[in-house]
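Since the structure comes first, as structure tokens, the remarks are kept for the end.
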Amino acid sequence: MEALRHDDPRRVGAYTVLARFDADPETSAPERAFVVRSGDGDTLLARLPRPGVDPARWAVEAEGARRLAVSGFLTVGEVGGGAGEPPWCAGPYVPALTLPAALRAHGGPLPDPVVRALGAALARTLATAHAQGVTHAGLSPSAVLLTTDGPRLRCYGAVRAAAPDGERRDGLPGLDSGSLAPEPAAGGRPQPPGDVYALGAVLAYAATGHTVPERDELPAFLREPVTACLSRDPDRRPQAHQLLMYLEQAAYEATPPVVTAAPTASPSPPASAAAAPAPLPLPASVVVALARQSAEVLAAEPPLDASRTYHG
């Protein structure tokens with residue numbers, strides 16, 4: 001959490017803004033997030049499009065996220081805006097750290113067991129979404145929120161919101177170039193293989209601190225799957241449920257199994273893909289940071305100038 005800046009909104013819809021949820025100088029995100037409080041005392045997380053992002057396209061994706069029922073995606077309970085007010089969305093607040101913030105709290109890359117469990121949880125979420133015909137299209141390190149109950153994905157539809165299909169998206173504000181697959185970067189329609197590419201970049205970041213590492217920088221159990229995920233050819237990338245099976249099997253075997261590329265005919269994901277995610281084995285440093293954030297939110301008071309409404 002971070003104190004509000006002079007140009008931050010003090011109100012979003014009917015909510016009073018308490019603090020910035022994150023202000024990561026190292027990564028770009030397509031949205032701004034704020035901890036807000038209702039008149040009844042409920043604490044929520046409100047998200048707004050960042051400057052440079054088309055607000056109309058962002059609002060469409062926010063409404064799409066509200067309608068989703070995919071475990072592991074950050075819940076959107078309300079979408080607001082219109083009649084002169086820029087778009088926003090809000091949902092329940094839980095103590096959470098973005099992946100970059102978790103690495104800062106830990107003082108470097110996360111331990112191998114945490115990365116393996118994180119990868120399995122994210123692969124499970126994507127496999128469930130892909131089986132329902134849903135492409136997240138916004139996965140990057142800053143889109144991953146770590147909580148004590150498992151990871152949550154925000155920034156749904158960020159690639160689609162950045163520009164319509166047919167227009168190049170590389171270099172656009174709010175998109176992490178290291179997590180953007182070549183085909184959506186060139187203007188192609190976001191598809192599940194692009195999510196898998198982004199997942200490979202996220203796992204590389206969690207294990208090394210950057211999204212495009214050299215192969216030898218990666219832990220042995222990640223070298224093959226991350227290399228496969230980051231293939232420039234989408235047909236050579238594994239499917240999310242295949243990556244899930246690989247990571248689950250690798251946790252119990254001394255020699256990592258072989259990850260296979262996606263077959264031409266996509267089989268249904270295994271039952272394990274729909275299972276409820278288990279809590280992550282978070283490092284103590286990250287748990288302490290989550291507890292500190294929770295205490296700060298409980299003690300937060302509205303700013304003195306709480307009358308300024310969000311105007312974009």
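Structure data summary
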| item | result |
| --- | --- |
| Condition check for Val79: under 17 Å from Ala56 (Cα atoms), at pLDDT 95 or above and buried (at least 17 other Cβ atoms within 10 Å of the Cβ) | yes |
| Residue selected from region 121-147 under the condition over 26 Å from Ser177 (Cβ atoms) and not basic (Lys, Arg), by the criterion surrounded by the fewest Cβ atoms within 10 Å (Cβ to Cβ) | Gly133 |
| Conditions (1) open to solvent by 20 Å² or more (accessible area, probe 1.4 Å); (2) part of a strand (DSSP E or B): number failed by Trp88 | (1) |
| Flag if Pro184 is in contact (Cβ under 8 Å) with a residue 40 or more places away in the chain and closer than 20 Å to Leu103 by Cβ | no |
| From the options Val76, Val159, residue that is closer than 22 Å to Val53 by Cα, touching a Pro at 6+ places or on another chain (Cβ under 6 Å) and not charged (D, E, K, R) | Val159 |
| Criterion: modelled with pLDDT of 95 or more, assigned to a helix (DSSP H, G or I) and more than 22 Å from the chain's Cα centre (by Cα) - qualifying residue of Asp235, Asp216 | Asp235 |
| Members of region 178-205 found to be under 21 Å from Pro55 (Cα atoms) and outside any loop (DSSP other than H, G, I, E, B), listed by number | Pro184, Ala185 |
| Residue list for region 62-85, filter: over 14 Å from Gly157 (Cα atoms) and assigned to a strand (DSSP E or B) | Glu78, Val79, Gly80, Gly81, Gly82, Glu85 |
| Tally of residues being in contact with an Asp or Glu (Cβ under 8 Å, 6 or more places away or on another chain) and surrounded by 23 or more Cβ atoms within 10 Å (Cβ to Cβ) across region 99-119 | 1 |
| Residue satisfying all of: in region 266-291; part of a helix (DSSP H, G or I) and at pLDDT below 95; least open to solvent (accessible area, probe 1.4 Å) among these | Ala273 |
| Cβ pairs under 7 Å, 6+ apart, first in region 32-43 and assigned to a loop (DSSP other than H, G, I, E, B), second at pLDDT 90 or above | Ser38/Ala14; Ser38/Tyr15; Ser38/Leu44; Gly39/Ala14 |
| Residues (open to solvent by less than 10 Å² (accessible area, probe 1.4 Å), assigned to a loop (DSSP other than H, G, I, E, B) and under 22 Å from Thr98 (Cβ atoms)) located in region 150-176 | Arg154, Cys155, Gly157, Arg169, Gly174 |
| Residues of region 81-113 that turn out to be closer than 15 Å to Pro49 by Cα and among the aromatic types (Phe, Trp, Tyr), as a count | 1 |
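Here is a yes/no grid of residues against (1) closer than 22 Å to Pro238 by Cβ; (2) free of Cβ contacts under 8 Å to residues at least 60 places away in the same chain:
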residue	(1), (2)
His136	yes, no
Pro151	yes, no
Cys155	no, no
Ala204	yes, yes
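The values are calculated or read from the model by the stated rules, or taken from the named source; none is laboratory data. In this text, all values refer to a predicted model and were calculated from it rather than measured experimentally. Cβ atoms come from the backbone with ideal geometry, glycine included; neighbour counts cover every protein chain shown. Protein only, heavy atoms only, side chains kept; ligands, DNA and RNA dropped before computing areas. Shrake-Rupley method; radii C 1.70, N 1.55, O 1.52, S 1.80 Å.
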